[in-house]
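Please read the structure below before turning to the comments.
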Amino acid sequence: MELFTTVQQVREQVRTWKKQGFTVGLVPTMGFLHEGHKSLIDRAVAENDKVVVSVFVNPIQFGPNEDFAQYPRDLEKDAALCENAGAAILFHPEPEEMYPNGFCTHVDVTGVTDNLCGAKRPGHFQGVCTVVSKLFHMVAPDRAYFGEKDAQQLAVIRRMVQDLNFDLEVVGCPIIRESDGLAKSSRNTYLNPEERRAALVLNRALTAAKSVMERGERRADRILPVIQAELGEEPLAKVDYVKMVDSLTMEDVETAERDVLVAIAVYIGKTRLIDNFTFQIQ
Ligand code: AMP
């Protein structure tokens, strides 16, 4: 595996691969890789001749009061995971390589970014779409892999790829969880032992909502209170949002008539965690 830090290195390698007829998969990440990321890399390795993993804590997708500076980083461990999983390139640029002086072009996806994390984190998806567009141009992948953990991000990227005619397939991958149900996240590292226990309330609340839906309930005003009530039982939890939305448009839904995403964002202490499930309507 090669560790590249410049756009030119990536471009040259990809050009050579394309001449040789190899397919290329891309897995964009912010690093501090865990089993969730690994599941994306494994899938990419299974489906493509060559896989590029990017590790870049993207400054422009963090708000001024968010955790850009504290975001956990461990390049050595990330490199070992990527190499063991069979990636061909680990791309780890410095912010100046991605955003040189004078940078002033951004990609803005509207509508699908209006609700959920888009509403709570102004500018976040503009930062995500800008960096992901740049990576798509650099790597020109046949397929790009994103986790359902960030369900709105996946919907936004799908919309962007369609609207801007990126010639690639977006592959969504299921949420990987700890054995006790907590969705794996680099941010779980912020949790102290008491908060780590409290964080289980997210999955518990979603599981309760899923089971009322499985029993036939379709109305958001009966489903979402089940989640609110569970979250209310945990003193360390503070709700950011609890929503049922259309799984494609991310618009609020009153009654689940098509596939819906039930998505929550919850502060456990100072740490903001997200989780979700998609409920398919037959
Ligand atoms: P991040 O490093 O948090 O930006 O995540 C990089 C990619 O990994 C995104 O597409 C995430 O949705 C995905 N991802 C993160 N955590 C998980 C998880 N627990 N299960 C599946 N995919 C994940």
In Å², nearest 10: area of Glu230 left accessible to a 1.4 Å probe: 60
When each of Lys38/Lys77; Lys149/Lys184; Lys18/Lys77; Lys38/Lys184 is checked by Cα-Cα distance, pairs over 19 Å: Lys18/Lys77
Cleavage-rule hits (chymotrypsin sites (Phe, Trp or Tyr not before Pro)) in segment 100-164: DSSP loop, at most 15 neighbouring Cβ within 10 angstrom: Phe103
Per-residue SASA entry for Thr29, accessible area with 1.4 Å probe, Å² rounded to 10: 10
Heavy-atom accessible area order for Lys18, Lys38, largest first, 1.4 Å probe: Lys18, Lys38
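Could you order Thr189, Thr6 by accessible surface area, starting with the largest, using a probe radius of 1.4 Å? Provide the component values of the computation, followed by the final result.
On the way: Thr189 75, Thr6 45 Å².
Highest to lowest solvent-accessible surface, that is Thr189, Thr6.
To the nearest 20 debye, what charge dipole does the chain have about its Cα centre, counting +1 at the Cβ of each Lys and Arg and -1 at the Cβ of each Asp and Glu? Kindly include the intermediate steps, with their values, before the conclusion.
Numbers: 32 positive and 41 negative charges, 22 e Å.
The dipole magnitude comes to about 100 debye.
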In Å², nearest 10: area of Arg218 left accessible to a 1.4 Å probe: 70
Whole-number accessible area per residue in Å² for the chain, which is evaluated in the context of all protein chains at 1.4 Å: 49
Helix 35-47 axis, angle to the chain major axis (alpha carbon atoms, nearest 10°): 50
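Can you tell me the relative contact order of the chain? Whole percent, Cα pairs under 8 Å, sequence separation 6 or more. Intermediate results must be reported in sequence, preceding the final value.
Working: 507 pairs, mean separation 48.7, N = 282.
Across the chain, relative contact order equals 17 percent.
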With every protein chain in place, the chain: carbon and sulfur % of accessible area (1.4 Å): 47
Glu66-Glu2 pseudo-label distance in nm [points 7 Å out on the Cα-to-Cβ vector]: 3.1
Of the chymotrypsin sites (Phe, Trp or Tyr not before Pro) in segment 13-53, those whose Cβ has at most 16 other Cβ within 10 Å and which sit in DSSP loop: Phe22
Degrees separating the helix 124-139 axis from the principal Cα axis of the chain, which is the longest one: 30
Separation between Cα centres of segment 58-128 and segment 226-267, rounded to whole Å: 25
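The values are calculated or read from the model by the stated rules, or taken from the named source; none is laboratory data. Just so we're clear, the structure is a prediction, and the values are computed from it rather than from any experiment. Here Cβ is always computed from backbone atoms with ideal geometry, including for glycine, and neighbour counts include all displayed protein chains. Just so you know, the surface numbers come from the protein's heavy atoms only, side chains and all, with ligands and any DNA or RNA stripped out. Shrake-Rupley method; radii C 1.70, N 1.55, O 1.52, S 1.80 Å.
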